[in-house]
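The block underneath contains the structure these notes are about, expressed in C-alpha cells.
The values are calculated or read from the model by the stated rules, or taken from the named source; none is laboratory data. Quick caveat, the model's predicted, so the values are computed rather than measured. FYI the Cβ positions are ideal-geometry reconstructions off the backbone, even for glycines, and counts take in every protein chain you see. For the accessible areas, the whole protein counts, side chains as well, though only heavy atoms, and no ligand, DNA or RNA atoms are used. Shrake-Rupley method; radii C 1.70, N 1.55, O 1.52, S 1.80 Å.
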Amino acid sequence: MVNITIDGRQVAVPENYTVLDASREIGINIPTLCYLKDINKTGACRMCLVEVEGVKNLQTSCVFPVREGLVVKTNTKRVRDARRGNLQLILSNHHRDCLSCFRNGTCELQTICDDMGLTELEFEPPKELKPVDMLSDSIVRDPNKCILCGRCVAVCNDVQEIGILAFTNRGVETEVAPAFGKSMADSPCIYCGQCINVCPVAALREKTEMDKAWEAIEDESKHVVVATAPAVRAALGEVFGNPIGTRTTGKMFTALKMLGFDKVFDVNFAADLTIMEEGTELLGRIKNGGTLPMITSCSPGWVRYIEYQYPELLDHVSSCKSPQQMMGAMLKSHYAEMNNIDPKDMVVVSIMPCVSKKTEAAKEEMIGSHGTRDIDIVLTTRELGKMIKEARIEFNDLPDSNPDEYYGDYTGAAVIFGTTGGVMEAAIRTVADIVTGKDLEDIEYTAVRGLEGIKEATVKIGDMDVKVAIAHGTANAGKLMELIKEGKADYHFIEIMGCSGGCVTGGGQPHVDSRTKEKIDIRAERAKALYTEDKLRDKRKSHQNPSIQKLYKEYLGEPNGHKAHELLHTHYKK
Ligand code: HC0
Ligand code: SF4
C-alpha cells in the first residue's frame, strides 16, 4: 500500500493503482470519456486531468500511477477550466443533433456536459458532414458523432481480438473505421456489437427497424407476430430505470400486446426445439463417428467468426439453425398452415439482445419455400424500449401477462440460453434423460455456469463420460479453435457465444454507462434474472415442453427427421 493525499484527504491505496482508481475509491468521480476499466486506458479524451503537486502540467489521472507521498488536487479552478476547454474542443468536432440522436438520454457526452455545468458552446460545429456507413444490416457507423475515444477500437482488438476498427487518416481527418476506408459490410466484422455497447455516443449504433415494425402493425392486411429472445427479459426493464438485472418478463408480454402485435410468442419455444434437434444431432455424431467436438450454432456473431477465421473447422458446427431462425421457419410453415394464413401475409418480428441477428435474418438461406424471409424484422432490446416509450406505455406500472399459447410455451431450460453455459446446461438436461431413460432430478449443472472465459466439465451421463467446454467472447472462442486444430480438444460438445457473458450482454442490450460497469458485473446480474426464471418454470427440460411434444407428433415427426431437416437445419459458407 502507499499513502497519498487527494483533495486534502489522506488515503492508503494499493501500489498498482492510478490516481483515477484511488479517487473513485474515495467517492470522487473524476470525469472520463475514453477510459474503460481493464480495457481502455489511454488518457486520450483528457477529461480526467488533475493537479499533481511538484509536477508542472496537469496530468491525466487514468494513467498516472500513485506513489508514496503523492499529493493530488482534483477540483481546482485550473483543473475545471482545463477539463471544460477540452470538452469544448470535443464538441467543436461533434455533430450535435442531440434531440434526434439515437443516444439522446443515454449519451455519456451529454451526461458529462451536464455534470460539468456547460451552458454555452464556444465553437461552431463542423459545417460539412462526412458520409455515414449504413451498408450493413446490423451496424451504422457515423464518423460525425465519433469523439475518437478509442473504446471501440480497444474492445474489438483486445477483448474480442477481431481488430476491425482502427484510427485511420491523420490530424483533423482522423476517423475510427475499418482499414482502407472500407464499409463495415465489406469487412470481416462479426456484428457482435460490443463496440456499440462501449461507444459513449452514437457513433456506432444498430441499423434501426422501428419504422418497419410500426408500419407492419398498422397494416391491417398483415398478420404480425412477435417473439422475444431469452435475454431480453433480463434487461428491458433497465430502459425504464429499473436496476440492472431486474426481470420484467410479464410486463414485457403485456407491453408487446399493447403495441398491437396480433400474437405475442417467445423465442424460448424455439430454444426448446433447438435442444431437441441439437441434442439428437450430438447423440447421432457420437454414435456414428461424426465430427466431434460438435459446436453450437445459435450465436450469429460466433458463426460469422468461424466462417471468416476458421472455415476449415465448419464441419464441427451443428447444422441446426438458431432458435430465432427455427422460430421463423415454424411460424411461416406449421403456424401459418394451422391458422390458414398465407405466410406472405405474415410479418414475423423478433426482439433480440443482439445486432448480428439482423444480418442472420437477412441471409439468403433464411428465406423459406414461401419466398419471404422467415424472420422479417429484428428489433434490439433498445429499439423495443424506444417503441414502448413512443407508445406512451407506462412500462413499470403494467400488470404481468403470459405470451400466447403454443408458440409462447417454454421451459426453464430455454430461458437460460441467454447466459453463457445455458445452452450447454439445457442440452445436458435433455440428453441425460434420453440416454438414461429417466426423469433425472438433479438438473442444475453448476460446473457449466459462471463467467470464467473458458469452462470445461466432464458430465457422467449413463455409462458415458461426456466432455464439454464453454467459451464466451470471440477471444476465448479462438483459443478453443486453436486447440481443435492442434488435435488437443477431446471434447464432445462445445458451446460458444460471441459476446462475453453470452446474450445477456449482447450488442443490442440497453446501454450501461462505463462508471456503472465498474461497480456492477452486468453479466452476472442479468444472468441471475434468467436462473431465477428457470427455477420458477413448471417444466425445466426442453423435451418436457408439451407444445414441443405436440409439434413433433402433429407435424415434424422425429427430431432430425426429414421435415425437421428441411425446416430447422442449415449449412455454412466456407
Ligand atoms: Fe441469444 Fe439465442 S440465446 S442466441 O444468446 O441459442 O441473441 O437471448 O435469442 O436465436 O433462444 C441472442 C439470447 C437468442 C437464438 C435463443 C440461442
Ligand atoms: Fe469489432 Fe464486433 Fe464491433 Fe465488428 S461489431 S467492429 S467485430 S466489436
**Request:** With everything on Cα atoms, drop me the angle between helix 300-309 and the longest principal axis of the chain, reported from 0 to 90° to the nearest 10.
**Result:** 80 degrees
**Request:** Name the shape class, rounded, prolate or oblate, that the alpha-carbon gyration tensor gives for region 386-484, where a ≥ b ≥ c are the square roots of its eigenvalues, rounded holds for a/c under 1.5, and otherwise prolate holds if a/b is larger than b/c and oblate otherwise.
**Result:** oblate
**Prompt:** What is the set of long-range amide H partners of GLY245 at a cut-off below 5 Å, with H atoms built 1.01 Å from backbone N?
**Reply:** none
**Message:** For region 515-565, what are Rg and Dmax over the alpha carbons, in angstrom?
**Reply:** 18.0, 52
**Prompt:** Summing Lys, Arg as +1 and Asp, Glu as -1, what charge do residues with Cβ under 13 Å from the Cβ of SER333 carry, SER333 excluded?
**Reply:** -1
**Complete:** For ASN93, other-chain or 5+-apart residues with amide H closer than 5 Å (H placed, Pro excluded) are none
**Asked** Where Rh is the Kirkwood radius over the Cα pairs of the chain, the temperature 25 °C and the viscosity 0.890 mPa s, what D in µm²/s does Stokes-Einstein return?
**Response** 98 µm²/s
**Fill in**
Rounded to two decimals, the Debye log10 I(q)/I(0) of region 230-290 (Cα scatterers, no solvent) at q = 0.21, 0.27, 0.30 Å⁻¹ is -0.84, -1.07, -1.14
**Request:** Using a/c under 1.5 as the rounded threshold, could you call region 160-255 rounded, prolate or oblate? The axes a ≥ b ≥ c are square roots of the C-alpha gyration tensor eigenvalues, and prolate needs a/b larger than b/c, oblate otherwise.
**Result:** prolate
**Accessible area in the full protein assembly, largest first, 1.4 Å probe, for SER221, SER369** = SER369, SER221
**Request:** Taking the Cα atoms of region 1-112, report the difference between the largest and smallest coordinate on each principal axis, in whole Å and largest first.
**Result:** 48, 27, 21
**Message:** Under 18 Å between alpha carbons, and skipping anything fewer than 8 positions from LYS56 in its own chain: which lysines qualify?
**Reply:** LYS73, LYS77
**Request:** Please report how far the C-alpha centroid of region 246-313 lies from that of region 27-77, rounded to the nearest whole angstrom.
**Result:** 45 Å
**Message:** Could you derive backbone 3J(HN,Hα) for region 53-66 from the dihedral phi with the Karplus parameters 6.51, -1.76 and 1.60 (θ = phi - 60°), listing whole Hz in sequence and x where the residue is Gly or Pro?
**Reply:** 4, x, 10, 5, 7, 5, 10, 7, 6, 6, 10, 8, x, 6
**Complete:** Counting only residues 5 or more apart in sequence or on a different chain, those whose built amide H sits under 5 Å from that of MET346 are HIS223
**Fill in**
Eigenvalues of the alpha-carbon gyration tensor of region 30-84, times 5 and square-rooted, give semi-axes in Å, largest first, of 18, 15, 8
**Asked** Under unit Cβ charges (Lys, Arg +1; Asp, Glu -1), what dipole magnitude, rounded to 20 debye, does region 295-413 have relative to its Cα centre?
**Response** 400 debye
**Item:** Loop-resident sites, region 36-81, for trypsin sites (Lys or Arg not before Pro), counting at most 13 other Cβ within 10 Å (DSSP)
**Value:** LYS56, ARG67
**Request:** Run the 1.4 Å probe and let me know the accessible area of LYS528, rounded to the nearest 10 Å².
**Result:** 110 Å²
**Prompt:** Of the lysine pairs in region 275-394, how many meet both conditions: Cα atoms under 27 Å apart, and a spacing of 8 or more in sequence or different chains?
**Reply:** 18
**Backbone HN-Hα couplings from phi across region 71-82 [Karplus 6.51/-1.76/1.60, Hz, Gly and Pro as x]** = 10, 10, 10, 9, 9, 9, 4, 4, 5, 4, 5, 5
**Prompt:** At 222 nm, what helix-only mean residue ellipticity would the chain give, in deg cm²/dmol to the nearest 500, using -39500 (n - 2.57) for each DSSP H run of four or more?
**Reply:** -9000 deg cm²/dmol
**Request:** Using only Cα atoms, tell me the angle between helix 267-288 and the longest principal axis of the chain; keep it within 0 to 90° and round to the nearest 10.
**Result:** 70 degrees
**Prompt:** Counting Lys and Arg as +1 and Asp and Glu as -1, what is the net charge of the other residues whose Cβ lies under 12 Å from the Cβ of LYS77?
**Reply:** +3
**Request:** Restricting to region 431-495, compute how many DSSP beta bridges are antiparallel as a %, nearest 5.
**Result:** 75 percent
**Item:** Net charge contributed by nearby residues that have their C-beta within less than 14 Å of ARG233 (K/R +1, D/E -1)
**Value:** -1
**Message:** Under 16 Å between alpha carbons, and skipping anything fewer than 8 positions from LYS37 in its own chain: which lysines qualify?
**Reply:** LYS517, LYS519
**Prompt:** Among bridges DSSP assigns within the chain, what percent are antiparallel (round to 5)?
**Reply:** 55 percent
**Message:** Can you give me the C-alpha center-to-center distance between region 532-566 and region 187-214, rounded to a whole angstrom?
**Reply:** 33 Å
**Fill in**
The relative contact order of the chain, taking Cα pairs under 8 Å that sit 6 or more residues apart, comes to a percentage of 15 percent
**Request:** Step through the residues of region 24-38 one at a time and calculate ³J(HN,Hα) from phi using the Karplus curve (6.51 cos²θ - 1.76 cosθ + 1.60, θ = phi - 60°), rounding each to whole Hz and writing x for Gly and Pro.
**Result:** 5, 5, 9, x, 10, 8, 4, x, 9, 10, 8, 5, 9, 3, 6
**Prompt:** One-quarter of the Cα convex hull surface for region 227-350, in nm²?
**Reply:** 10.2 nm²
**Prompt:** How much of the DSSP beta bridge set in region 116-274 is antiparallel, as a percent to the nearest 5?
**Reply:** 65 percent
**Request:** Can you tell me which of 109-117, 191-199, 151-159, 562-570 comes out highest on packing, and rank the rest after it, using the mean Cβ neighbours within 10 Å?
**Result:** 191-199, 151-159, 562-570, 109-117
**Message:** Using a Förster radius of 56 Å, what is the FRET efficiency between GLU365 and ARG80 based on their Cβ-Cβ separation? Nearest 0.05, please.
**Reply:** 0.50
**Computed magnitude of the charge dipole of region 416-574 (debye, nearest 20; Cβ of K, R +1, Cβ of D, E -1)** = 400 debye
**Fill in**
region 285-434 accessible area per residue, 1.4 Å probe, protein heavy atoms, integer Å², reads 31 Å²
